[in-house]
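Input: a single structure, listed below in structure tokens.
The values are calculated or read from the model by the stated rules, or taken from the named source; none is laboratory data. Predicted, not measured: the structure shown is a model, and the values here were computed from it. Virtual Cβ from ideal backbone geometry, glycine too; neighbours counted across all protein chains shown.
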Amino acid sequence: MKSVNVFCVNDNRLTVYNCRLSEIKIIDSFDFADTSVKLRFEEYADFYKKTKNYLLLDVSVEDYHQEKLPHVHGSDRKLLIRRKLEKYFPDGEYCYSTLVKRLKVGRRDDIYAISGITDSSVISQVVSGIESSCIDIAGVFSLPLLTENLISPVVHKDQILVVSCEEERGGRYSFRQTFIDNGHLYFSRQTSILSSPDQSADQFRKEIDRTWQYLNNKHVLTAGDRMQVILLTPPEFGRLLRNEAVASHSEYLFVDPVELASAHGLRADNCAVSLPVIASFFLSKKTPKKSHYQPKKLTAFHNHQKINKFLANASIFVVIAAVVVSVMNFIAYDNEVLKGEVLSYNEKEAVAELHSKSLGFRGIDPSPQELQAMVDVYRTIASVNSYPDFIFAFLSTSFANFQDLAISGIEWYVKPEGEGAWSEQDDSMDEYSSHDDSRAVAAGGMKVQPSSDQSLSNTQPIVIDIQGSVKGFKGNYRRAIERVEFLSSHISALNNVDNVIVTKLPLNVDPSIKTSRALSTAVIPHFGIRIFLNRRVLDNEH
Amino acid sequence: MNIEYYLLRRRLITFLTVSVISLIVVIASVILLNSKQNSNAIMEGKIQSVHANTNKLMNDAALIEAYQADYDIISSRGFYSEENRLSWIEQLEKTASRLHLNKLQYHIDPQQQVLDSNHNIPASINLFKSTLSFDTDLVHEGDLVDIVKDLAVLSAGLLSVDSCKITKVGERLVGGSDYNFTASCELSWYKANYREGMAEQMSDGV
């Protein structure tokens, strides 16, 4: 279980308390007059190194002041306070300041409580011993400055004088009077009186009266109010005082030190309870965040110990992190090993499958890609059938019901890829060409009979030019023209026809051309038709 | 704050030692893990490569199934053979003799490589074309059908009729024989072969 050591130093001795749970015990007590102190102290040095340690000062050479300082902030405030501390305590090792209040009138200055140890020779020998033993002190505290915290369980006035008493060797009582004004230490002083039953009560009353007089002269006390004196005394001395008169302008409040200790959670079975004992226990349980004093040697050593502690924690963290990362990596490695075994098996399977499948492909010539490429090229070229038998069969079917129209010439060719089924070039070749259907019809010249869908095919059509004449013509041009146009519309309705253009009619009646004829000459009513086939098939022959 | 190293020496040495040892252990474990992961990744790559090759084989099998029959037919028609101009001439003259086409005239242009992009010729194929044109008189239009059919059935490449013109000329006496039509046609004989370098590239994967 965690324990805390408190090195309590007063003017005569060093007492080491060990606080654990709700108990406190004295490990050792060293009189400064004793020459064997150093040896005895070093016996416990190893024990002190393992625990948390505090230094508690209960010395008579501590001075207290209250200073009025301008209300400034930041570095200016620090500078002002430092200057004041240097003024009162030139060595600067044992000094402390805290803000008491801000005045509400005038410049509204700040009131600071300043305390410090004017003669640190007694403390220095203790500090030297601690430092030479490499004992880490986590904080240095002043007993008077802790008094307000220690009597907090007692209901009291705003202004109180706390009187603690210890019986010293040599038949004297050591008194510490600590005046607290609204929670802030105003002053504290130590006196000693003879422990004679006849005189001690009287001396005590005089001490209280002197204190009241001092405070009254300082105008600290509330006018017309009795000063409350809280007495933390040994039982026998308390009994003595109860039977005596109270100091003038004062009222006594007797507090049993054991009860006060109990209120702080201390079960004081192992040692006599006094204010230093309660303060030591209080420090072990509720250590103030800020150390009252920061002696250079102890602070430097403590800071180094903090670095050491950080390094120790960092080492532990590094070890834990390394172990965690390594374990995770090894677990992952183990998984990878298992995965590798599976992959190795899969690879063998895949290779075996590939080997078995590739057996049938060895020595194949040409390769499958070559096969495909060759066949595709062949199909592309052979996709257009313009053989005479196909053309003749198509025309035979197309002219089946047009015996009055005789064919005198046929020309066909495969239209080069990329040209439309019916292009401007086709029109320009025609004697009766025209881009305007209506104009062409009106002219009785070229008439376009588009197929059911007017789209121009991007396929490779076969173009067939047919020249012919009308049989049995008896001068009826209208009848002859109608037959040719009927033939044209009949052919254009066939499935494999893209387009049909009438390139020549038996009589050219285009208004834009000159028409002349001698009736004596015989007329041969010629016609011309251009057919665009869209057939893209591989014929059986291919 | 002045640092007194003698006060920190022990912890510092401990910390550094622990850190170095921990770092070594962690690095060793990472290296071990990475090496195994890399070897597994390589193995995965190999498996993928083998699977890819297997898939390619399957695709090749599908290609062979789809194209082998057509390829055999096309091959039997001499599309991949050398040009056989002699057989064309023999067949043409034989047909002319059979049909009594005394006026038949023909000429065959030198074979040329087809570089026309319209044919979508793959880079692996060399396509060649020889153009045959003829002019003749015909007694019947069916004679033209016979001439082209006789040439087409030759196993001497792919024959394509580029253009034809047949004109009825009426009743005339030419050389003591009657003929009713004149015809002129332009035909193309296509041949192909495979580029060797490309063939090797294409079959590399198999």
### Message
Just the residues that are over 23 Å from residue B:32 (Cβ atoms) and surrounded by 15 or more Cβ atoms within 10 Å (Cβ to Cβ), please, taken from the stretch A:315-345.
### Response
A:315
### Query
How many residues, within the stretch A:106-138, are hydrophobic (A, V, I, L, M, F, W, C), surrounded by 17 or more Cβ atoms within 10 Å (Cβ to Cβ) and in a loop (DSSP other than H, G, I, E, B)?
1
### Query
Of (1) surrounded by fewer than 18 Cβ atoms within 10 Å (Cβ to Cβ); (2) within 23 Å of residue B:151 (Cα to Cα); (3) at pLDDT 80 or above, residue A:383 satisfies all except one. Which?
(3)
### Query
Considering A:520, A:488, A:516, which residue is in the same structural domain as residue A:402 (by TED's automatic domain parsing), assigned to a helix (DSSP H, G or I) and hydroxyl-bearing (Ser, Thr, Tyr)?
A:488
#### Entry: Where residue A:211 falls short, out of the listed (1) of a type in the set (Val, Ile, Thr); (2) in a strand (DSSP E or B); (3) within 25 Å of residue A:118 (Cα to Cα)
(2)
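Looking only at the stretch A:268-281, which residues are part of a loop (DSSP other than H, G, I, E, B) and either in contact with a strand residue (DSSP E or B) (Cβ under 6 Å, 6 or more places away or on another chain) or assigned by TED's automatic domain parsing to the domain that holds residue A:237 (or both)? Please lay out each step first, then the result.
We begin by selecting, within the stretch A:268-281, every residue part of a loop (DSSP other than H, G, I, E, B); these are A:268-274.
If the condition is that a residue be part of a loop (DSSP other than H, G, I, E, B) and either in contact with a strand residue (DSSP E or B) (Cβ under 6 Å, 6 or more places away or on another chain) or assigned by TED's automatic domain parsing to the domain that holds residue A:237 (or both), then A:270, A:271, A:274 are the ones that fit.
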## Note on the structure
Every listed condition ((1) within 24 Å of residue A:93 (Cβ to Cβ); (2) surrounded by 15 or more Cβ atoms within 10 Å (Cβ to Cβ)) holds for residue A:44 save (1)
### Query
Can you tell me which residues in the stretch A:457-516 are of a type in the set (Val, Ile, Thr), more than 26 Å from residue B:169 (Cα to Cα) and away from chain B (no Cβ under 14 Å)?
A:497, A:509, A:513, A:515
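Each row is one residue, and each column tells you yes or no for (1) over 29 Å from residue A:298 (Cα atoms); (2) of a type in the set (Val, Ile, Thr); (3) facing another protein chain (nearest Cβ under 8 Å).
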site	(1), (2), (3)
B:4	no, no, yes
B:11	no, no, yes
B:17	no, yes, no
B:24	yes, yes, no
B:30	yes, yes, yes
B:33	yes, no, yes
B:36	yes, no, yes
B:40	yes, no, yes
### Query
Out of curiosity, is residue B:95 farther than 19 Å from residue B:148 by Cβ and either within 14 Å of another protein chain (Cβ to nearest Cβ) or surrounded by 14 or more Cβ atoms within 10 Å (Cβ to Cβ) (or both)?
no
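Would you confirm whether any residue within the stretch A:306-325 is over 37 Å from the mean Cα position of the chain (by Cα) and more than 10 Å from chain B (Cβ to nearest Cβ)? Lay out the reasoning, then the answer.
Initially, the stretch A:306-325 is screened for residues over 37 Å from the mean Cα position of the chain (by Cα), giving none.
The answer is no, given that none of the residues of the stretch A:306-325 is over 37 Å from the mean Cα position of the chain (by Cα) and more than 10 Å from chain B (Cβ to nearest Cβ).
Take the residues of the stretch A:282-320 that are polar (S, T, N, Q) and out of contact with any strand residue (DSSP E or B) (no Cβ under 9 Å at 6 or more places or on another chain): which is nearest to residue A:128 (Cα to Cα)?
The first filter runs over the stretch A:282-320 and keeps only residues polar (S, T, N, Q), leaving A:284, A:287, A:291, A:294, A:299, A:303, A:305, A:308, A:313, A:315.
Subset that is out of contact with any strand residue (DSSP E or B) (no Cβ under 9 Å at 6 or more places or on another chain): A:303, A:308, A:313, A:315.
Values: A:303: 17, A:308: 21, A:313: 28, A:315: 31 Å.
The residue in question is A:303.
Take residue A:306 and decide whether it is more than 30 Å from residue B:7 (Cβ to Cβ), assigned to a helix (DSSP H, G or I) and basic (Lys, Arg). Write out each step before concluding.
Values: more than 30 Å from residue B:7 (Cβ to Cβ): no; assigned to a helix (DSSP H, G or I): yes; basic (Lys, Arg): yes.
Taking the combined requirement at face value, the residue does not satisfy it.
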### Query
Mind checking which residues of the stretch B:58-79 are facing chain A (nearest Cβ under 8 Å) and buried (at least 17 other Cβ atoms within 10 Å of the Cβ)?
B:60, B:63, B:64, B:67, B:70, B:71, B:74, B:79
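Among the residues of the stretch A:171-183, what is the count of those that are within 27 Å of residue A:222 (Cβ to Cβ) and surrounded by fewer than 16 Cβ atoms within 10 Å (Cβ to Cβ)?
First pass over the stretch A:171-183, keeping only residues within 27 Å of residue A:222 (Cβ to Cβ): A:175-183.
With the extra rule that they be surrounded by fewer than 16 Cβ atoms within 10 Å (Cβ to Cβ), the set shrinks to A:182-183.
Total meeting the criteria: 2.
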### Summary
Subset of the stretch A:143-159, residues closer than 16 Å to residue A:278 by Cβ and not in a helix (DSSP H, G or I), comes to A:151, A:152, A:153, A:154, A:156
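Is at least one residue of the stretch A:534-542 hydrophobic (A, V, I, L, M, F, W, C) and modelled with pLDDT of 85 or more? Quick ask: steps written out before the conclusion?
Of the residues in the stretch A:534-542, the ones hydrophobic (A, V, I, L, M, F, W, C) are A:537-538.
Those left that are additionally modelled with pLDDT of 85 or more: none.
No.
Would the stretch A:68-86 turn up any residue that is outside any strand (DSSP E or B), among the hydroxyl-bearing types (Ser, Thr, Tyr) and modelled with pLDDT of 90 or more? First the steps, then the outcome.
Filtering the stretch A:68-86 down to residues outside any strand (DSSP E or B) leaves A:70-86.
Cutting the leftovers down to among the hydroxyl-bearing types (Ser, Thr, Tyr) gives us A:75.
From what is left, the residues that are modelled with pLDDT of 90 or more are A:75.
Yes, that holds for at least one residue.
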### Query
What pairs can you find where one residue is in the stretch A:366-395 and more than 7 Å from chain B (Cβ to nearest Cβ), the other is among the basic types (Lys, Arg), and their Cβ atoms are less than 7 Å apart, with a gap of 6+ or different chains?
A:383/A:536; A:384/A:536; A:385/A:535
### Criterion (farther than 28 Å from residue A:51 by Cα, within 47 Å of the chain's Cα centre (by Cα) and among the hydroxyl-bearing types (Ser, Thr, Tyr)) met by exactly one of A:112, A:94
A:112
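Can residue B:46 be described as facing another protein chain (nearest Cβ under 7 Å) and farther than 30 Å from residue B:150 by Cβ? Steps first, please.
Details: facing another protein chain (nearest Cβ under 7 Å): yes; farther than 30 Å from residue B:150 by Cβ: yes.
When the stated conditions are applied, residue B:46 passes them.
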### Task
Those residues that are of a type in the set (Asp, Glu), under 26 Å from residue B:53 (Cα atoms) and more than 9 Å from every other protein chain (Cβ to nearest Cβ), I need them from the stretch A:326-348; list them, please.
A:341
### Query
residue B:55 versus (1) of a type in the set (S, T, N, Q); (2) touching a residue at least 60 places away in the same chain (Cβ under 8 Å); (3) more than 9 Å from every other protein chain (Cβ to nearest Cβ): which is the lone unmet condition?
(2)
### Message
Of all residues being surrounded by fewer than 19 Cβ atoms within 10 Å (Cβ to Cβ) and among the aliphatic types (A, V, I, L, M) in the stretch B:135-147, which is farthest from the other protein chains (Cβ to nearest Cβ)? Just the residue, please.
### Response
B:139
### Task
Could you check how many residues of the stretch A:184-243 are surrounded by 16 or more Cβ atoms within 10 Å (Cβ to Cβ) and in contact with a Gly (Cβ under 7 Å, 6 or more places away or on another chain)?
2
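Condition first: of a type in the set (A, V, I, L, M, F, W, C), on the phi > 0 side of the Ramachandran plot and in contact (Cβ under 8 Å) with a residue 40 or more places away in the chain. Can you find one or more residues in the stretch A:132-139 that meet it?
So far as the stretch A:132-139 goes, yes, one or more of its residues are of a type in the set (A, V, I, L, M, F, W, C), on the phi > 0 side of the Ramachandran plot and in contact (Cβ under 8 Å) with a residue 40 or more places away in the chain.
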### Query
Of the numbered conditions (1) surrounded by 14 or more Cβ atoms within 10 Å (Cβ to Cβ); (2) over 27 Å from residue A:134 (Cα atoms), residue A:103 satisfies every one except a single condition; which is it?
(1)
